[in-house]
Amino acid sequence: MQFIKLQVVEAYNTEHGKTDEFEKYCVYDLEDGDYWITSQRIHRREFAFMAGKYFMCLGDMILGVETEEQKFVFEYMNADQEMMYDFIMLESQMAKEDLDIIEERRTFGEITFVIITVKPKNNFVPEGVVMTPSTFLFEEN
């Protein structure tokens, strides 16, 4: 069955003049007869879009604009794409001081999906709050 899928994708690439490796569509085997079809160009565009949303979310959560848990899904099929993902996670290390960033990797056949859950840390400790009187409000002139 995969051979037929490959033939269909190769015929599409040929018919539409996609000869550059960056533009060609490729078939990736997920498992159990399921396939993922994409090109390097499309993957890079989707990846950049998701990375942009991810970094915006980190900034919004650190500033307190966004307070709800958010999930992001990145996928990669080869070492170059995995390296791009690892770079994104390296860039977001500083945010881990203020946020819980949980990664869950799931590999199906040739594709690894990474589900990232981002949520604000709950740093509020009632015992840690010290009440000080506001004496300046009651000063007489």
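The values are calculated or read from the model by the stated rules, or taken from the named source; none is laboratory data. The shown structure was predicted, so the numbers you read here are calculated from the model rather than taken from an experiment. FYI the Cβ positions are ideal-geometry reconstructions off the backbone, even for glycines, and counts take in every protein chain you see. To get the accessible areas, we keep the full protein, side chains included, count just its heavy atoms, and leave off ligands, DNA and RNA. Shrake-Rupley method; radii C 1.70, N 1.55, O 1.52, S 1.80 Å.
Residues of the range 1-52 that are of a type in the set (Val, Ile, Thr), within 24 Å of the chain's Cα centre (by Cα) and over 26 Å from Glu91 (Cβ atoms): Val27, Ile37.
Being modelled with pLDDT of 90 or more, more than 30 Å from Val8 (Cβ to Cβ), of a type in the set (Phe, Trp, Tyr) and part of a strand (DSSP E or B) is the requirement here; does Phe113 meet it? Against the criterion (modelled with pLDDT of 90 or more, more than 30 Å from Val8 (Cβ to Cβ), of a type in the set (Phe, Trp, Tyr) and part of a strand (DSSP E or B)), Phe113 does not qualify. When the range 96-116 is limited to residues that are in contact with a helix residue (DSSP H, G or I) (Cβ under 9 Å, 6 or more places away or on another chain) and surrounded by 14 or more Cβ atoms within 10 Å (Cβ to Cβ), the one that is farthest from Glu82 (Cα to Cα) turns out to be Asp98. Here Leu99 qualifies as in contact with a Pro (Cβ under 8 Å, 6 or more places away or on another chain) and either modelled with pLDDT of 95 or more or not hydroxyl-bearing (Ser, Thr, Tyr) (or both). For first residues located in the range 84-96 and under 19 Å from Phe113 (Cβ atoms), partners that are of a type in the set (A, V, I, L, M, F, W, C) and lie 6+ apart or on another chain with Cβ distances below 7 Å form the pairs Met84/Phe47; Tyr85/Phe74; Tyr85/Val114; Ile88/Ala51; Ser92/Leu58; Ser92/Ile101. Specify the residue that is farthest from the chain's Cα centre (by Cα); the eligible residues are those in the range 76-95 that are farther than 27 Å from Glu21 by Cα and open to solvent by 50 Å² or more (accessible area, probe 1.4 Å). Here the answer is Met94. For the residues Val73, Val65, the requirement of being in contact with a Gly (Cβ under 9 Å, 6 or more places away or on another chain), open to solvent by 60 Å² or more (accessible area, probe 1.4 Å) and β-branched (Val, Ile, Thr) singles out Val65.
Exactly one residue out of Phe3, Phe22, Phe55, Phe49 is open to solvent by 60 Å² or more (accessible area, probe 1.4 Å) and at pLDDT below 85, and it is Phe3.
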